[in-house]
Amino acid sequence: NMRTMSPTANLVLLSFLFSFVIFAVYLTLHRVMFSLGTFQNVSVPVNGTVHAVVSRIPADVSFLTLQFHTHHRNVTLSYTPIPLYGSSVTAADAGLLSTLTLSQTTVSWFLKTPDGSSAAGVGVILPYTSADPVPGACNQEFPLEIDPNIYLQYNLFETTITFAPANIGYGRGESPPACDVDTDSSTRWRLVYELYQYFLPEGDLSEQSLISSLERAANVQNMQDNGRKVVSLSSHDRTQFSFSSLPGQGVIFSVIVRDPVLNTSASYIPVHTYACSFNSTLDGCSDLGRVSSKVFFTVMGLAGLFVCFVGHRFFKCELFCMGFCFMAFIFFVLITTTTTLEYDIRLALTALMGVVGGVAMVMSWWRFGSVMACVLVVGLILGFLISSIAFFTPLGDIPIFHNDVVFWVVFACIMVFVPLFFIRWPREGNIITCGVVGGYAVVLAVNAYTYTSLSYITLDVLKRLLNHNFSRAFISVPLQDIDFIMITVWVVLGVSGIVMQLYREKSRPFFPPSPYVMWKQERERRKTNVLDPSHHKPSLSARILGRIRQLTQRTEPAGETTPLLF
């Protein structure tokens with residue numbers, strides 16, 4: 001009974017038990033030797049632990065970083081055989097930093113999975129000298145004392161990364177410089193941080209593609225050569241940034257810290273995301289394309305193709321399609337912000353309200369005959385698309401447009417300017433809208449079946465409407481082969497549709513007359529023109545009643561029906 005034993009005996013017993021556990025763990029270790037700067041494929045067995053070892057470390061190396069990456073499974077990296085709080089990290093992209101003593105030539109780490117399952121990934125150990133900055137050495141937020149990891153969170157709208165501040169380099173056996181005592185150029189406040197993105201091939205969710213991409217982004221030089229620098233910031237800026245989520249698109253984020261005085265740099269542990277879950281049975285990475293979305297956007301694409309080439313010729317059909325888009329967009333924003341309905345239900349209600357909007361627009365033109373009012377709505381749709389394209393470019397990442405007021409004022413000005421510009425040329429403006437908007441509808445239809453970044457032209461604006469925190473996100477997306485193909489298709493469809501309609505309509509009236517207005521004019525003409533035979537015709541109600549009497553009353557014979565012979 002441990003309660004009746006002396007404290008010394010209890011300590012001895014606990015030490016024995018701990019030693020036994022350590023010994024049992026060592027029996028399950030799988031030793032893997034690493035070489036500095038060389039990628040190593042590593043497999044973690046079921047209920048096993050990998051002992052990662054690197055030896056013959058040069059004397060000029062002051063610290064090492066070990067990074068290990070898997071496709072989507074979490075792994076635990078630790079300094080000890082048994083992971084402890086403050087000495088281990090668990091993630092799909094995990095890393096540890098080890099500082100070296102004066103005579104140290106060997107370093108080891110331990111790798112396992114949290115649930116005891118098997119996992120496979122790739123790891124690399126990178127060496128740094130005393131002149132290089134130390135990533136995460138001024139950490140005050142995360143459990144590790146020195147934390148070189150980038151912490152990533154995502155949702156439907158945005159992906160957020162956070163990292164700990166770095167410190168200036170120091171030699172083996174030296175005490176690290178103080179983090180927050182002074183702010184002059186001899187302290188860590190002189191350091192500069194650079195955020196990089198590396199986009200994986202579009203639509204490629206394979207592990208092989210990820211591993212080969214990580215090899216191009218693991219260290220400073222590779223990321224500079226292959227990645228895209230998003231922003232540079234000083235040590236006084238926040239170490240948290242947001243990016244637009246791109247579900248199904250693989251992205252690697254990395255942070256490089258630079259010492260401008262010594263002209264040295266070091267890399268944090270790169271982290272990747274697909275903005276979707278491989279473990280979810282609902283809305284997972286393997287089920288991004290919903291059937292309802294495919295049906296909706298396929299019909300929309302076919303309607304867009306029709307509008308692109310003959311929209312102005314069939315004016316009522318064009319008005320219905322434009323009214324559908326206008327009302328559907330507004331209603332989807334309203335129903336998403338005010339309810340928690342499932343996506344399929346929201347999409348069905350959006351389609352229903354879109355039909356109502358299309359019918360309402362056609363009926364307003366039929367009843368009132370106001371072409372300019374209809375063209376104004378059509379022009380607003382073109383203005384919305386042009387404004388969205390403008391902010392889809394690097395213009396949208398300018399810091400001033402992260403302010404919601406500035407963004408929406410500029411966006412609205414561009415959107416309203418377009419229909420005002422075409423007031424002088426309403427027919428040309430309407431035909432241009434048919435070509436541009438119709439071509440983009442075809443692009444959205446293609447996006448329902450294969451990923452293309454062009455869908456984010458309007459999707460980023462929709463995200464900003466639905467999520468108030470999205471304004472701080474960087475909205476850069478990759479343009480790859482499929483995107484350039486779709487841009488070409490969009491341009492060809494738009495230009496050919498505009499040219500064809502301008503040629504066909506050059507000898508026709510600018511716009512077809514309203515049927516109701518024509519009927520009223522015809523009725524007035526009949527009332528005033530006594531020479532018109534239709535003036536002497538009975539009214540429509542009288543003709544209907546007469547026809548009913550003919551069908552319901554029996555005609556009596558009038559006697560002799562045989563013709564008389566003369």
Checklist line | Filter result for the condition that a residue is modelled with pLDDT of 90 or more, assigned to a helix (DSSP H, G or I) and under 22 Å from PHE320 (Cβ atoms), over VAL442, VAL416, VAL410 | finding: VAL442
Note to self: Let me spell it out: the conditions are (1) in a loop (DSSP other than H, G, I, E, B); (2) under 30 Å from VAL61 (Cβ atoms); (3) among the polar types (S, T, N, Q), and GLN249 meets all of them except one. Which number is the exception?
What the structure shows: (2)
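Would you point out the residue of region 145-166, among those that are open to solvent by 60 Å² or more (accessible area, probe 1.4 Å) and in contact with a strand residue (DSSP E or B) (Cβ under 8 Å, 6 or more places away or on another chain), that is nearest to LEU233 (Cα to Cα)?
TYR151
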Check: Considering only residues of region 492-506 that are within 36 Å of the chain's Cα centre (by Cα), surrounded by 15 or more Cβ atoms within 10 Å (Cβ to Cβ) and aliphatic (A, V, I, L, M), which is farthest from TYR440 (Cα to Cα)?
Finding: MET500
Next item on the list: Could you identify the single residue in VAL499, VAL492 that is part of a helix (DSSP H, G or I), within 30 Å of SER292 (Cα to Cα) and modelled with pLDDT of 70 or more?
Entry: VAL492
Item checked: Top-ranked residue of region 90-104 - restricted to ones that are in a loop (DSSP other than H, G, I, E, B) and within 16 Å of TYR128 (Cβ to Cβ), ranked as most open to solvent (accessible area, probe 1.4 Å) -> THR101
Note to self: Could you tell me how many of the residues in region 188-238 are in contact with a strand residue (DSSP E or B) (Cβ under 7 Å, 6 or more places away or on another chain), open to solvent by less than 50 Å² (accessible area, probe 1.4 Å) and of a type in the set (Ser, Thr, Tyr)?
What the structure shows: 5
Notebook entry, point to check: Of the conditions (1) open to solvent by 70 Å² or more (accessible area, probe 1.4 Å); (2) not in a helix (DSSP H, G or I), LEU334 fails just one. Which one is it?
Noted result: (2)
Note to self: Going through GLY173, GLY123, GLY169 one at a time, which residue ends up being over 31 Å from the mean Cα position of the chain (by Cα) and either at pLDDT 90 or above or buried (at least 21 other Cβ atoms within 10 Å of the Cβ) (or both)?
What the structure shows: GLY169
Margin query: What's the number of the only condition in (1) at pLDDT 90 or above; (2) touching a Pro at 6+ places or on another chain (Cβ under 9 Å); (3) open to solvent by 10 Å² or more (accessible area, probe 1.4 Å) that ALA266 fails to meet?
Written below: (3)
Item checked: Unmet requirement for GLU158, which otherwise passes all of (1) at pLDDT 90 or above; (2) touching a helix residue (DSSP H, G or I) at 6+ places or on another chain (Cβ under 9 Å) -> (1)
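The values are calculated or read from the model by the stated rules, or taken from the named source; none is laboratory data. Treat the numbers as computed from the prediction; the structure is a model and nothing was measured. Because the Cβ atoms are built from the backbone with ideal geometry, glycine has one as well, and the counts that use them run over all protein chains shown. Each accessible area value is taken on the protein alone, full model and side chains, heavy atoms only, with ligands, DNA and RNA left out. Shrake-Rupley method; radii C 1.70, N 1.55, O 1.52, S 1.80 Å.
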